[in-house]
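A short worksheet on the structure shown next.
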Amino acid sequence: MMRSTVQDVMTTDVAAVNQTASFHTVAELLISKGVSGMPVLDDDNHVIGIVSEADLLAKEEFKERYYGDDYRPPLRARIRHTAGSEGSGFRKSLGETAGDLMTSPAHVTDANAPVVTAARLMDRYGVKRLPVVDPDGRLIGIVSRRDLIKVFLRPDRDIEQDVREAVRTDLHSMDVTVADGIVTLSGTLAEHSQAVTAGRLAENVDGVVAVHDTLTWKHDDIADLPVWGGA
């Protein structure tokens, strides 16, 4: 069964900057490449951080609107800066180079990681992109949230084949159809537990949007299981 990896969806033409790149260079690249963030590299192409639009905007955020304007970010922003991926806004407002502005260390992934792992990393750390690195930590690509949703563009026939290979239970008694990523399972299996397992396995196939399970069974072996618990 196919399991999509980061290598299947990542972008290899990566906009990146050296840590010594100027503020102006970073801003120019973000605009010209149409990206919201990019990796920061040392002289040996190792990923040492990420610089984003938010990092550059800190310089504007902390400018005085008038003499004596003692600006302090609202509590929600301070929590985000402290606990999230952006780091200290005031420190970055003083930055002049990519190394000053970046968030470090960068959260990265490798090309062989499953797409689901990359999605979980993005959610855990609140980031929109992950640099893809080789075993030595050198940049080979980047994967974004937009890249990850490419798995939902898989052809229905490929999804159907993978569902059939995943389930493997009395396929002659079960019909599998897929339309726009929605899997429908129908038919009658020998055991209730087989139907439950089939539904769960189908849900875990890459590209599946939802599973409509209309399976029935001849014997309810789940109801026969003992119920454990104290009186």
Candidate set: segment 120-137, residues that are acidic (Asp, Glu) and free of Cβ contacts under 8 Å to residues at least 40 places away in the same chain; chosen: the one most open to solvent (accessible area, probe 1.4 Å): Asp123
query: For His46, which of the numbered conditions (1) modelled with pLDDT of 95 or more; (2) open to solvent by 50 Å² or more (accessible area, probe 1.4 Å) fails to hold?
result: (2)
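Table: residues versus (1) open to solvent by 30 Å² or more (accessible area, probe 1.4 Å); (2) part of a helix (DSSP H, G or I); (3) at pLDDT below 95; (4) closer than 30 Å to His107 by Cβ.
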| residue | (1), (2), (3), (4) |
| --- | --- |
| Leu139 | no, no, no, yes |
| Lys150 | yes, yes, yes, yes |
| Gln161 | yes, yes, yes, no |
| Thr169 | yes, no, yes, no |
| His172 | yes, yes, yes, no |
| Val178 | no, no, no, no |
| Thr184 | yes, no, no, no |
| Ala198 | no, yes, yes, no |
query: Do the conditions hold for Arg154, that is, is it free of Cβ contacts under 8 Å to residues at least 24 places away in the same chain and either under 30 Å from Asp55 (Cα atoms) or open to solvent by less than 70 Å² (accessible area, probe 1.4 Å) (or both)?
result: no
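The values are calculated or read from the model by the stated rules, or taken from the named source; none is laboratory data. Just so it is clear, the structure is predicted and the values come from calculations on it, not from any experiment. Neighbour counts are summed over all protein chains in view; Cβ atoms, including those assigned to glycine, are modelled from backbone coordinates with ideal geometry. SASA here: full protein model, heavy atoms, side chains in, ligands and nucleic acids out. Shrake-Rupley method; radii C 1.70, N 1.55, O 1.52, S 1.80 Å.
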